[in-house]
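For reference, the structure is listed below as structure tokens.
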2 protein chains.
Amino acid sequence: MHFLGMDGGGTGCRAAVSDRTGRIIGRGQGGPANINTDVEQAAENILAATRQALGNSGVAPEGLVAVLGLAGGAMGAARARLGGLLPFARTLIVNDAVTATRGALGPGDGIVAALGTGSVFAVQRGGIIRQFGGRGFLMGDEGSAAVLGRCLLAQAMRAADGFAPMTPLLADILTEFGGIEGIIGFGNRALPAEFGALAPRMTGSDDPAARQLLDDAADHVAHVLTVLQDGGALPVVFQGGLGPWYARRLAGHWPIAAPLGNGVDGALEMARQSEEAS
Amino acid sequence: MHFLGMDGGGTGCRAAVSDRTGRIIGRGQGGPANINTDVEQAAENILAATRQALGNSGVAPEGLVAVLGLAGGAMGAARARLGGLLPFARTLIVNDAVTATRGALGPGDGIVAALGTGSVFAVQRGGIIRQFGGRGFLMGDEGSAAVLGRCLLAQAMRAADGFAPMTPLLADILTEFGGIEGIIGFGNRALPAEFGALAPRMTGSDDPAARQLLDDAADHVAHVLTVLQDGGALPVVFQGGLGPWYARRLAGHWPIAAPLGNGVDGALEMARQSEEAS
């Protein structure tokens, strides 16, 4: 029996295959694997990455115990459809936040705060991982780069209307985007990652509008972490592009830890454990 | 010379044609005319509604001075493209909020707060109309039904995670939508109007979560109106599905007036005035 660990999202997927001892026999990568947007495409790209990882090892996909951590993996219906398209001996599909958490924390208790283009939180207690927050650009992802960027653009339009104080950064944004009309046009076509590209200008700025939005975001993240700590003091791993900024900003509240590994490591470890348990 | 007044948006357009004295010689209606989403379709539907209004009057489209108040009419590039597709003797394209304001207020000074699926504000002073706010579902439309509905769904997901207090209405929403997964699925496919359909359940409820979101929205609208009043006490006309609720909620702050007419009336009046002025 061999083991497949996979981490997949909107931009691509990465795979690793190991034997029973944990020795890696190959790695692979492929295209997007977000089952919330395209299950068939995800299945194709997952198989391609798996075949690349298997290489000429002689191991067949049918001989793999697989754990797939995928964007959209919390959606039960999509998970069931994907499962039917894959040939593995056993397949466990979980949200990519789960495998990222297992990779970051190893087997120990802790909290992962993933703050990149989107945001999501996970808690591991006694080996059980629970995911919180996230929920996407439209109705969630509080504290994420994409939401911060969108708030900055919205604030620039409010300032242009006189409903909020104009600041140097907001004035720059209005000029660069071509005023309110340009911002609306950008919003009609931009992906969350393009909104998120504005976040580094906020974290690297002393502008009062940026500072206010970042204060609100940090307060929100602190509130979420306080609820998740539930009176405890678990180590917190901050990940994603804004992870280092939040780690500095919220230092002193709780122990802050570096990640032990990535989502592929976590998925592989979960696959090997599932075999031991079975 | 005859005059065409038109009011067009995402769901349809309405036209009226009058002679120099203001006597209506015909009315028409047609399909969507949102030039922010489809300029060619808007041109077609505008012409169809115009021909219907002209009927067998013997007046040709080429003999019309036209004022078109259209959704997306604030977007200069789209406005220029549409202008090139229309045969009228003179064409003035403005945002539908402008013609709605002129229709609601007549020639007098005042403020229109349009709070329906979206939201937009306009001020008329000395015959000059300026538009504020709005800016769409993604980055603006504060206080609108669509944004309120989206906030309610986001709050239900936060409550399910333990990050906000669970209330009876939030619990009902979670059950009806099929939990967090159901809400995310709805958000992936729903139009703003479908989010907005939740607003009447909020305004008709004593639920603490609904009350909090409505308090925030009312505070925001009050702030916007305070800025727009600029120390004055202009009459405010509340329009849109949530208009009556805001009018009751904000009564006593400023004089509240009923609308004199609709957007077609306003467009027609603007068309006749433009001829007098030229």
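Coordinate-derived values only; no laboratory data. This one's a predicted model, so the numbers in the text were calculated from it and none came from an experiment. No Cβ is skipped: glycine too gets one built from the backbone with ideal geometry, and neighbour counts run over all protein chains shown.
How much of the pair distance distribution for chain A lies past 30 Å, counting alpha-carbon pairs only, in percent? More than 30 Å apart: 37 percent of the Cα pairs in chain A.
Tell me the Kirkwood radius of the protein assembly as shown: reciprocal of the mean inverse pair distance over distinct alpha-carbon atoms, in Å. Display every interim value, and only then the final one.
On the way: mean 1/r = 0.0382 Å⁻¹.
Computed over the protein assembly as shown, the radius equals 26.2 Å.
Panel order for A:157, A:202, by other beta carbons found within 10 Å of each beta carbon, from fewest to most: A:202, A:157.
Each part gets one Cα centre, and for segment B:72-127 versus segment A:122-153 those centres are 39 Å apart.
Averaged over the residues of peptide B:227-233, the number of Cβ atoms from other protein chains lying within 10 Å of each residue's Cβ is 1. I'd like the distance separating the alpha-carbon centroids of segment B:11-38 and segment A:208-269, in whole Å. Here the two parts' Cα centres lie 55 Å apart. Taking A:79, A:125, A:102 as the candidate residues, the one with maximal mean-square fluctuation in a Gaussian network model of chain A, Cα springs under 10 Å, is A:125. Considering only B:162, B:179, B:83, the mean-square fluctuation computed in a Gaussian network model of chain B, springs between alpha carbons under 10 angstrom, is largest for B:162.
So if R0 is 25 Å, what FRET efficiency would residue B:189 and residue A:193 give, r being the distance between their Cβ atoms, rounded to the nearest 0.05?
0.70
Counting charges near residue A:11 (Lys, Arg +1; Asp, Glu -1) among other residues having Cβ under 15 Å from its Cβ returns a value of -3. Each residue in B:151, A:13 was given a count of other beta-carbon atoms within 10 angstrom of its own, and listing them fewest first yields B:151, A:13.
Where in chain A are the helices, taken as whole DSSP H runs, whose Cα atoms extend 20 angstrom or more along the long axis and whose Kyte-Doolittle mean reaches at least -1.0?
Values: long enough: A:39-54 (22 Å, 0.16); A:145-161 (24 Å, 0.85); A:208-229 (31 Å, 0.28); A:263-277 (21 Å, -0.55).
Sorted by number, the helices that extend far enough and score high enough are A:39-54, A:145-161, A:208-229, A:263-277.
Counting, for every residue in A:128-136, the Cβ atoms of other protein chains within 10 Å of its Cβ and taking the mean gives 4.
Look at the stretch B:156-165: the mean tally of other chain Cβ atoms within 10 Å of its residues' Cβ atoms is 5.
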